[in-house]
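The values are calculated or read from the model by the stated rules, or taken from the named source; none is laboratory data. Remember, it's a predicted structure, so these values are computed and weren't measured experimentally. Glycine gets a Cβ as well: all are built from the backbone with ideal geometry, and neighbour counts include every protein chain shown. These area figures cover heavy atoms from the full protein model, side chains too; ligands, DNA and RNA do not enter into them. Shrake-Rupley method; radii C 1.70, N 1.55, O 1.52, S 1.80 Å.
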Amino acid sequence: MCRINDQGQDTMRRSRALKFIIVVAFMTAIGPVLAAVYLAREQGLATEFERVTSYAQSVANRSDRAVDQMVAAIDALVAANNGDPCSDTMLTQMRQLGISMEFMKVAGAVSGERMLCSTLGSHEEGLALGPPDSVTPNGTQLRLNAPVPFSSETPYISLERDGFIAMAHRNQAVDLMVNQEGVLFATFDPTTGNIRTGSSEVRPRWANAVDNATVAAFVDEGYIVGVVRSGQVNVTGAIAAVPARYLDERILTFIWVLLPIGVVTAIVLTSSVIYFARLQVSLPTQIRQGLRRNEFYLEYQPVVDLNSGNWVGAEALVRWRRRDGRIMQPDEFIPVAEHSGLIGLLTERVIEVASKDMGTTLRDAPDFFLTINLSARDLQSGGTLEKLMVMARDSGARPGQIVAELTERMLVDASAAKSVIKAMREQGLRVAIDDFGTGYCSLSYLETMQFDCLKIDRLFVEAIDTEAATNRVVLHIINMARTLDMKLIAEGVETEAQANYLKSQGVEFAQGWLFSRAIAPDEFLKGLA
Ligand SMILES: Nc1nc2c(ncn2[C@@H]2O[C@@H]3COP(=O)(O)O[C@H]4[C@@H](O)[C@H](n5cnc6c(=O)[nH]c(N)nc65)O[C@@H]4COP(=O)(O)O[C@H]3[C@H]2O)c(=O)[nH]1
């Protein structure tokens, strides 16, 4: 009956685990691929945004240069004016300015709204300029369609101040050569957001994208748009818009690079998940088979009397020799055995093997003790106590020579643990607490549960003689154990300094690589002799 329950639970556990594995494997399979596509898109966008804002920046720079040159031309003419703005000297200067500057083409003198003379000579009647489109705070008048003789088809932009005017070809700033087709350029007035020059396909709303910022980039209506405000505060805004097909091409380029990495990562991750999952799901079955085939065996780590240096006991540590010869360490299979409910059978096997290996020694050396690791489930079934008592009886040992090792984590169900510990001690077995201080066991547990022995965890032994915060804890543990009349075994002693310190603090026993690693029973018995 019990067996059917166990198997039923096992099946449920496995089907839950299987569902979990399928979900994780699915995620590891599509996750990296989706991540690669996402990264390619982000990378593509970043690159195209960078490109389009650099185009817009070039337009703004050209526009700024045109404005700078117009301002410089006006300043030069104002400075040179000696009363007759259209004198021969002034006309020569106007021509020189027009020839020497890249963007500023026409410079002239103005009275009212008429240009009296210019780079192009004297204008008898004066050329009607019409009213300005806007006036800046310093009184500079801006015209977006300044009339130029002989050039009525070409739109000019002009600045006028202090009786002089300078003009530049309106489209020169947006006349940018780029190696992409269909790119739109425009300049706009950052104060009003009105487009000044550029392609008619530029959407006026793009100019409003840079409210307070100096740069913006976005995708809109089939274009990747870059908008910048010129360095000369509020003088010019510039827009560049690249057809969105270039973004698709760019993303595709990145996908070709990133997708294989994503696919390889997905394959590696998914295979690892499946490998480990299969191991986890099938491990309980393999443990069962391993038990049937007697693949579990024990090694023994000597427990040393720190005063005499003699081996006075041993800790039995289980190992699993797989069919393929691979040795599995307990950390890899004990948790699985615990979860799958097989730990009881495993502990039973450990006790059997330990009896066979150490029975004679226990009988012949009445002071020699053997510690055996138990799991939480072992405490729940009364069978373990019985098996340990059978071991003592069959080998002719005193029950006190057998020490049941419990860990803090096993004491969560305090009342159950307490009654089993009590029962064990009443039968004469000894009980040790292992890993003390590494979990959540409070001091009160130690008082109420009444252990015979406390094992100082390797973590605290390692900290001896170091700056680690844990280095002081070892002293507290020692003092506490003494107060509660417990024997002490220090674990993981690797150096003479640690051994000497522990000895000086009155710790009776120790185990660790300084003395010996866990070894096969024959080797252990040789060392004991
Ligand atoms: N770095 C270092 N390590 C040292 C040193 N001296 C000993 N060790 C290792 O520390 C572990 C001590 O065992 P534990 O704390 O009871 O911890 C044990 C115990 O909790 C569990 N375990 C082992 N055998 C059994 C068993 O039969 N039943 C159960 N339930 N658990 C077992 O597996 C754990 C790991 O066992 P192992 O891998 O054999 O690892 C052993 C041992 O080989 C040292 O000086 N330096």
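If you go through region 498-518 and keep only what is more than 10 Å from the ligand (Cβ to nearest atom) and not polar (S, T, N, Q), you end up with ALA499, TYR501, LEU502, LYS503, GLY506, VAL507, GLU508, PHE509. Selection of region 69-116 for residues being in contact (Cβ under 8 Å) with a residue 24 or more places away in the chain and in a strand (DSSP E or B) yields MET104, LYS105, VAL106, ALA107, GLY108, ALA109, VAL110, SER111, MET115, LEU116.
Quick check on GLY198: is it buried (at least 17 other Cβ atoms within 10 Å of the Cβ), at positive phi, in contact (Cβ under 8 Å) with a residue 40 or more places away in the chain and in the same structural domain as ALA240 (by TED's automatic domain parsing)? Answer is yes for this residue. For GLY237, the conditions (1) under 20 Å from ASN61 (Cα atoms); (2) open to solvent by less than 50 Å² (accessible area, probe 1.4 Å); (3) under 39 Å from the mean Cα position of the chain (by Cα) are fulfilled apart from (3).
The set of residues in region 327-351 that are open to solvent by less than 30 Å² (accessible area, probe 1.4 Å) and part of a helix (DSSP H, G or I) comprises PRO330, PHE333, VAL336, ALA337, ILE343, LEU346, THR347, VAL350, ILE351. Residues in region 401-416 that are more than 11 Å from the ligand (Cβ to nearest atom) and crowded, with 20+ Cβ neighbours inside 10 Å: GLN401, ILE402, VAL403, LEU411. Note on region 379-400: among residues that are assigned to a helix (DSSP H, G or I) and among the hydroxyl-bearing types (Ser, Thr, Tyr), the one that is surrounded by the fewest Cβ atoms within 10 Å (Cβ to Cβ) is SER395. Consider GLN232 against the criteria (1) at pLDDT below 85; (2) open to solvent by 20 Å² or more (accessible area, probe 1.4 Å); (3) within 41 Å of the chain's Cα centre (by Cα): it satisfies all of them except one. Which criterion is unmet? Going through (1) at pLDDT below 85; (2) open to solvent by 20 Å² or more (accessible area, probe 1.4 Å); (3) within 41 Å of the chain's Cα centre (by Cα) one by one, GLN232 breaks only (3).
Exactly one residue out of TYR223, TYR300 is assigned by TED's automatic domain parsing to the domain that holds ARG322, touching a strand residue (DSSP E or B) at 6+ places or on another chain (Cβ under 7 Å) and modelled with pLDDT of 90 or more, and it is TYR300. Within region 399-410, the set of residues being under 11 Å from GLN427 (Cβ atoms) and either touching a helix residue (DSSP H, G or I) at 6+ places or on another chain (Cβ under 8 Å) or among the aromatic types (Phe, Trp, Tyr) (or both) comprises PRO399, ILE402, ALA404. On the stretch given as region 128-161, residues that are surrounded by 14 or more Cβ atoms within 10 Å (Cβ to Cβ) and in a loop (DSSP other than H, G, I, E, B) total 9. Exactly one residue out of ILE287, ILE255 is within 21 Å of GLY325 (Cβ to Cβ) and out of contact with any Gly (no Cβ under 6 Å at 6 or more places or on another chain): that is ILE287. Screening TYR445 on (1) of a type outside the set (A, V, I, L, M, F, W, C); (2) surrounded by 14 or more Cβ atoms within 10 Å (Cβ to Cβ); (3) under 39 Å from the mean Cα position of the chain (by Cα); (4) not in a strand (DSSP E or B) shows it passes everything except condition (3). Checking each residue in region 289-326 for being open to solvent by 20 Å² or more (accessible area, probe 1.4 Å), farther than 17 Å from GLU405 by Cβ and within 11 Å of the ligand (Cβ to nearest atom) picks out only TYR297. Set side by side, the residues ALA72, ALA66 differ, and just one is touching a helix residue (DSSP H, G or I) at 6+ places or on another chain (Cβ under 9 Å) and either closer than 30 Å to ALA166 by Cα or in the same structural domain as GLY226 (by TED's automatic domain parsing) (or both), which is ALA72. You will find that of ASP522, ASP465, ASP435, ASP485, the residue that is charged (D, E, K, R), part of a helix (DSSP H, G or I) and in the same structural domain as ARG393 (by TED's automatic domain parsing) is ASP522 and no other. Each residue in region 487-497 was checked for being under 17 Å from LYS455 (Cα atoms), within 14 Å of the ligand (Cβ to nearest atom) and open to solvent by 20 Å² or more (accessible area, probe 1.4 Å), and 2 pass. Within region 268-276, one or more residues are of a type in the set (Val, Ile, Thr), on the phi < 0 side of the Ramachandran plot and open to solvent by 40 Å² or more (accessible area, probe 1.4 Å). Taken over region 352-378, the criterion of being surrounded by fewer than 23 Cβ atoms within 10 Å (Cβ to Cβ) and closer than 22 Å to VAL412 by Cα is satisfied by ASN373, SER375, ALA376, ARG377.
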